[in-house]
Amino acid sequence: MSRLDDLRSEALLGGGEKKIRKRHENGKLTARERIHLLLDPETFHEMGMLVTHNCSDFGMEGKKIPGDGVVTGYGRIHGRQVYVYSEDFTVFGGSLSKAVADKISRLQDLSLKNGVPIIAIKDSGGARIQEGINSLAGYGDIFFRNVKASGVVPQISAIMGPCAGGAVYSPALTDFVFMIDQSSYMFLTGPDVIKEVTHEDVTFEELGGAATHSGKSGVSHFNVSSEEQCLATIRELMTYLPQNNMSDPPEVQCTDPVERSDESLDTLIPADSSLPYDMKSVIKSVVDDGRLLQVHEDFAPNMIVGFSRMDGMPVGIVANQPAVLAGVLDTLSSAKAARFIRFCDCFNIPILVFEDAPGFLPGVEQEHSGVIREGAKLLYAFCEATVPRITVVTRKAFGGAYIAMNSKNVGADMNFAWPSAQIAVMGARGAVKILFKRDIAKDKDPESKRQLLIDEYNELFNNPYVPAGMGYIDEVIKPHETRSRVISSLKILDGKRESMPPRKHGNCPL
Ligand code: HXC
């Protein structure tokens with residue numbers, strides 16, 4: 001017994017008391033403390049606590065710590081099973097030995113076999129330098145399993161310290177990445193190597209901090225302010241996710257009345273259609289208890305994506321944000337929405353779209369940075385999604401935006417429009433310029449002529465009634481009716497069964 005107790009005590013101390021104390025002084029939790037905060041109390045069961053590395057080079061033979069650089073096991077979040085692993089920075093900087101990789105791979109295998117989500121807490125200096133190729137092979141093993149599990153079980157990564165070198169690609173292959181402001185960073189090559197190779201001076205934070213990856217690169221989906229907030233937000237995210245692709249996302253008892261109607265929505269859209277408004281206020285007024293868990297909040301904010309509930313059922317929200325760049329579709333917002341739509345489709349989460357977009361953003365920079373390729377991702381994602389899909393057009397649905405933002409023609413199940421909707425090939429001013437340039441120039445009073453033609457165009461096309469008459473819109477609804485109409489649509493679509501033709505996999509334009 002005492003041998004087991006000794007080994008357990010040794011494992012629980014990781015890299016030792018001194019290193020643990022240093023972490024606490026730096027405001028950091030240990031690998032196990034993080035797991036305990038993440039999981040329901042007293043539910044963690046550790047596996048592989050006595051595993052040690054097998055390296056004998058560089059004097060490593062005498063430096064074996066039970067458990068090595070990662071704590072692995074399983075427990076519960078809100079009563080539901082999850083697998084979790086947490087890298088231990090106190091043990092060789094959380095670096096990845098072959099033994100660490102084998103522990104993680106084993107957990108990934110179990111997660112996939114049992115259809116249980118897996119959460120990774122990352123805090124690592126990358127490949128264990130003393131182990132050479134063995135460590136690189138270990139990363140390959142992990143990436144291979146990340147990809148195998150993609151779309152089968154939810155995979156979540158929390159970056160809670162360094163995530164350097166080979167360590168970065170596993171999180172990047174998972175569904176959601178969390179980063180902590182000012183205390184976590186991700187990079188393939190650090191500031192010193194960059195200085196040598198490209199002569200650029202950059203700090204850790206600028207290179208790969210939470211703000212960089214949440215706002216610029218888009219690697220991170222959630223930028224949180226502390227370790228505690230990170231773990232609490234993962235718990236919240238889990239409430240929207242099913243255990244695996246064969247099960248439904250968890251419904252909760254809803255106390256927000258289905259028939260609740262918010263009359264202020266009826267006057268929310270500005271009379272002048274060039275003026276902005278905040279789409280988040282529309283979303284929050286329609287969904288249960290005004291609750292929206294935004295994903296990628298700081299990245300391409302002209303598009304809003306996130307999770308909400310409607311009468312207790314999780315839904316994925318995809319919405320243009322007219323308050324940022326007029327809600328235009330561009331490279332980044334298209335890619336952001338596409339990734340989120342594909343996640344929802346993998347995991348049986350219905351998609352609710354709020355549309356107000358003047359089209360795809362024109363410009364040389366956009367064309368050269370691949371607005372065609374990125375826009376195609378958005379189209380692809382909607383076209384292949386077989387979950388229930390509902391669209392509410394609040395204002396503009398012009399040109400490519402009409403098609404790409406979940407039109408009936410790309411497979412939406414229910415399309416609503418508010419009376420303020422403008423559904424046309426383009427805005428009136430642009431259309432009149434193209435169609436009547438010569439007529440206007442020839443007219444005695446060109447300005448009055450232009451205005452007359454604009455008014456005519458608006459009357460003819462910029463309203464929801466022509467598309468409703470053609471069946472492209474199922475129903476024009478008053479804004480305050482949106483909540484009840486969307487919920488009743490979700491209920492009737494609950495049994496939706498649709499599948500794509502058999503194939504190995506599609507070829508999404510990456
Ligand atoms: C072995 C490592 C290690 C590593 C850190 N340690 N990284 N041991 N392999 N990769 C050890 C240190 O020797 C030290 O041990 C302890 O962890 C803490 O590290 P410190 O440097 O003292 O901590 P800190 O100052 O906080 O700096 C953390 C760090 C730095 C920024 C992560 O350690 C670092 O730059 N590490 C190397 C990062 C890196 O370049 N990794 C890439 C590896 S190549 P003692 O005994 O002193 O406590 C790779 C393959 C790429 O990953 C594959 C691409 C697909």
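The values are calculated or read from the model by the stated rules, or taken from the named source; none is laboratory data. Treat the numbers as computed from the prediction; the structure is a model and nothing was measured. Neighbour counts run over all protein chains shown; Cβ positions are idealised from the backbone, glycine included. For the accessible areas, the whole protein counts, side chains as well, though only heavy atoms, and no ligand, DNA or RNA atoms are used. Shrake-Rupley method; radii C 1.70, N 1.55, O 1.52, S 1.80 Å.
Structure data summary
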| item | result |
| --- | --- |
| Using a Förster distance of 45 Å, the FRET efficiency for Ser264-Val364 (Cβ separation, nearest 0.05) | 0.65 |
| Relative packing of 447-453, 8-14, which averages over residues the other C-beta atoms within 10 Å, highest first | 8-14, 447-453 |
| In nm, spacing of pseudo-spin labels at Asn507 and Phe144 (7 Å Cα→C-beta vector) | 2.6 |
| Of the GluC sites (Glu not before Pro) in region 154-251, those whose Cβ has at most 14 other Cβ within 10 Å and which sit in DSSP loop | Glu200, Glu251 |
| Theoretical FRET efficiency, 1/(1+(r/R0)^6), r = Cβ-Cβ of Met246 and Gln451, R0 41 Å, to 0.05 | 0.10 |
| Virtual spin-label span in nm between Arg291 and Leu188, 7 Å along Cα→Cβ | 4.0 |
| Cross-link partners of Lys377 among aspartates and glutamates (Cα-Cα below 16 Å; sequence separation of 8 or more within a chain) | Asp330, Asp345, Glu367 |
| Helix-only mean residue ellipticity at 222 nm for the chain, each DSSP H run of n ≥ 4 adding -39500 (n - 2.57), per residue, nearest 500 | -11000 deg cm²/dmol |
| Taking the chain and dividing mean pair separation by its residue count, relative contact order in percent (alpha carbons under 8 Å, at least six apart) | 9 |
| On Cα atoms only, tilt of 227-238 relative to the major axis of the chain in degrees | 60 |
| Protection proxy ranking, peptides 314-324, 267-277, average beta carbon neighbours within 10 Å, highest first | 314-324, 267-277 |
| Global size of the chain as Cα Rg and Dmax, reported in angstrom | 26.0, 102 |
| Rounded percent of accessible protein surface that carbon and sulfur make up, region 444-498, 1.4 Å probe | 52 |
| Cα-based helix-to-principal-axis angle, 482-492 vs the chain, degrees rounded to 10 | 70 |
| Label zone at Ile133, where the point sits 7 Å out along the Cα-to-Cβ direction: region 47-71 residues whose backbone N lies under 11 Å | none |
| Per residue solvent-accessible surface (Å²) - region 374-510, probe of 1.4 Å | 53 |
| Violating pairs (Cα-Cα greater than 25 angstrom) within the set Lys122/Lys504; Lys19/Lys122; Lys19/Lys216; Lys28/Lys113; Lys64/Lys122 | Lys122/Lys504; Lys19/Lys216; Lys28/Lys113 |
| Accessible surface of region 6-85, 1.4 Å probe, proportion on carbon and sulfur as whole % | 50 |
| Bridge type composition, the chain - antiparallel percent by DSSP, nearest 5 | 35 |
| Label-point separation in nm, Ser105 to Gln81, each point 7 Å along Cα→Cβ | 2.3 |
| Cα long-axis angle, helix 446-460 against the chain (0 to 90 degrees, to the nearest 10) | 70 |
| Computed lengthening from Arg429 to Ser9, 0.36 nm per intervening residue step minus Cα-Cα distance | 143.8 nm |
| Highest to lowest packing among 183-195, 428-440, scored as the average C-beta count within 10 Å | 183-195, 428-440 |
